[in-house]
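This report refers to the structure that appears directly beneath it.
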Amino acid sequence: MIKPCTKIDGIPSFKDSEIKNLWLRVKKEGFADNLFFDMREMNANIFLEMARDKWWLFIIYDNDEICGFTWLNNFRGGKANVHFALFKGWRGGKGVKIIKQTCKDLLEIKSNNKYLFDILVGAIPTRNKAACLFVSQIQRKWGKPCSIGIIKNYLYDYKKDSIMDAKVSYFTR
């Protein structure tokens, strides 16, 4: 299940500290650099600012426990870029099911009885072998083609000041 980080009647659905804690957990679990390679700088305050002003952030739950988060950005027409973070303990087969369902839930979001997204596109640095394998497992269970493949020199790593190859995937309804 996903819950959006939004405001309802001006009241945030999550406290700033709850959103910052997502960043702190990613940092503590040691995968912040793999997740935010395309940012010049990232910390809890910048993460909060991006979550509130630039992204559509959703917290992912397994039953009542937070198991990760996803965010959408770079909206164009019915397309959005999708990004995921799953915490330790939810990777592997259980995580594949959770992220597959998360993608389906995101693709079912409607406004005025119209779907907001027809396609979610994700790009993973090929050097992140674990994430590439994880997404391949989701793709196998998706039931229809959803991989573009490897694109040379597609992503930029700010910290290393280098261009890198990416595995590009997409999910449709």
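Along the charge dipole of segment 2-172, which of Thr126, Pro4, Gln137 sits closest to the positive end, that is, farthest toward it, with unit charges on the beta carbon of Lys, Arg, Asp and Glu (+1, +1, -1, -1)? Toward the positive end, the furthest listed residue is Gln137.
In percent, rounded to a whole number, the relative contact order of segment 32-104 is 19, using alpha-carbon pairs under 8 Å and six or more apart. Separation of segment 100-136 from segment 59-88 is 8 Å, based on Cα centroids. Under 13 Å from the 7 Å Cα→Cβ point of Asp118, by amide nitrogen: which residues of segment 130-173? Zone members listed by number: 172-173.
Going through the cross-link list Lys3/Lys28; Lys79/Lys100; Lys27/Lys141, which pairs have a Cα-Cα distance over 25 Å in this structure? Long pairs (Cα-Cα over 25 Å): Lys27/Lys141.
Extending 7 Å from Cα along the Cβ direction at Ile163 and again at Ser111 yields two label points whose distance is 3.4 nm. Per-residue ellipticity at 222 nm, computed for the chain from helices alone with -39500 (n - 2.57) per DSSP H run of at least four residues, works out to -10000 deg cm²/dmol. Placing +1 on each Lys and Arg Cβ and -1 on each Asp and Glu Cβ, with no other charges, gives segment 99-173 a dipole about its Cα centre of roughly 240 debye. When the Cα positions of Ile66, Leu48, Ile19 are compared along the charge dipole of segment 1-132, Ile66 comes out farthest toward the positive end, with charges on each C-beta of Lys, Arg, Asp and Glu.
Put a plus charge on the Cβ of each Lys and Arg, a minus charge on the Cβ of each Asp and Glu, and nothing anywhere else: the dipole of segment 1-147 about its Cα centre is then about 540 debye. Between Asn34 and Lys94, the contour length at 0.36 nm per residue exceeds the alpha carbon distance by 19.5 nm.
A Gaussian network model of the chain, with springs between Cα atoms under 10 Å, assigns the largest mean-square fluctuation among Asp105, Asp118, Asp161 to Asp161. The calculated FRET efficiency for the pair Glu65 and Asp16, based on their C-beta separation and a Förster distance of 22 Å, comes to about 0.60. For the chain, the residue among Tyr115, Ala80, Ile148 whose Cα projects farthest onto the positive side of the dipole built from Cβ charges is Ile148.
By other beta-carbon atoms within 10 Å, ranking Ile8, Ile148, Ile124 with the fewest at the front produces Ile8, Ile148, Ile124. Here Asn153 and Lys129 are evaluated by their C-beta separation; at R0 = 25 Å the FRET efficiency comes out at 0.85.
Read-outs throughout are calculated quantities, based only on the coordinates presented, and are distinct from any laboratory measurement. Since the structure is predicted, the reported quantities are computational estimates derived from the model, not experimental observations. Please note: Cβ atoms are built from the backbone with ideal geometry, for glycine as well, and neighbour counts cover all protein chains shown.
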